[in-house]
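The values are calculated or read from the model by the stated rules, or taken from the named source; none is laboratory data. What you are looking at is a predicted structure, and each value in this text was computed from that prediction instead of being measured. Ideal geometry is used to build each Cβ from the backbone, glycine not excepted, and the neighbour counts take in all protein chains shown. With ligands, DNA and RNA removed, areas are computed over all heavy atoms of the protein, side chains included. Shrake-Rupley method; radii C 1.70, N 1.55, O 1.52, S 1.80 Å.
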Amino acid sequence: MGLNDEVGRRLRELRTARGLSLSELARRSGVGKGTLSELEGGTRNPTLDTLYALTTALNRPLSAVLADDAPPHGEQHEGAVSGSAVTAVLVERHEDADAVTDVFRVTIAAGATQESAAHVAGTTESLMILSGTAVVGALDAPTSVGPGESARWPADTAHLYSAPHGEAHGILFVRYPAAAL
């Protein structure tokens, strides 16, 4: 089964477990009903922005649609999801009583900017840059970070990713409080 099929199956399972119709999830997420139907059917490529809109509306972390379980330690899940500037590969998912933390290997495309909508209440993001320079964080107060540096920001408000001076690579931690899920 390919990434599109797996993501579609997981979306459908999460939606039905919440007792939501396609129409209701489309309304809550701002994703078109036709797009949602194609995603669930595995016939449409999921974008990072669309998946975040859907998982936020479902009060679930992004990893809930990308993987059934965490990969073995040190291994990555196959398949990447992309937005207008960011490509992300889930590296690990950690869940405990306090939070779910998704760890991604990310690439931010040179000269591109991506605005991400707010995630589940209380969600935070932290990015450590491996190479390149990125501008990240809240729309009204982004931070520039270079190799070996990191930034942390609330992700329950709109935020951005940009690599104005060339491609940037990093490790992104997205922490969702368990109480919000």
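Quick rundown of the values:
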| item | result |
| --- | --- |
| Filter pass, residue 96 being at pLDDT 90 or above and open to solvent by 20 Å² or more (accessible area, probe 1.4 Å) | yes |
| From 60, 9, residue being modelled with pLDDT of 90 or more, touching a Gly at 6+ places or on another chain (Cβ under 8 Å) and either open to solvent by 30 Å² or more (accessible area, probe 1.4 Å) or not small (Gly, Ala, Ser) (or both) | 9 |
| All positions within the range 108-158 that are in a strand (DSSP E or B), open to solvent by 40 Å² or more (accessible area, probe 1.4 Å) and under 21 Å from residue 47 (Cβ atoms) | 113, 115 |
| Test: residue in the range 75-93 that is at pLDDT below 90, in a helix (DSSP H, G or I) and buried (at least 20 other Cβ atoms within 10 Å of the Cβ) | no |
| Count of the range 31-50 residues which are open to solvent by 30 Å² or more (accessible area, probe 1.4 Å) and touching a residue at least 24 places away in the same chain (Cβ under 8 Å) | 6 |
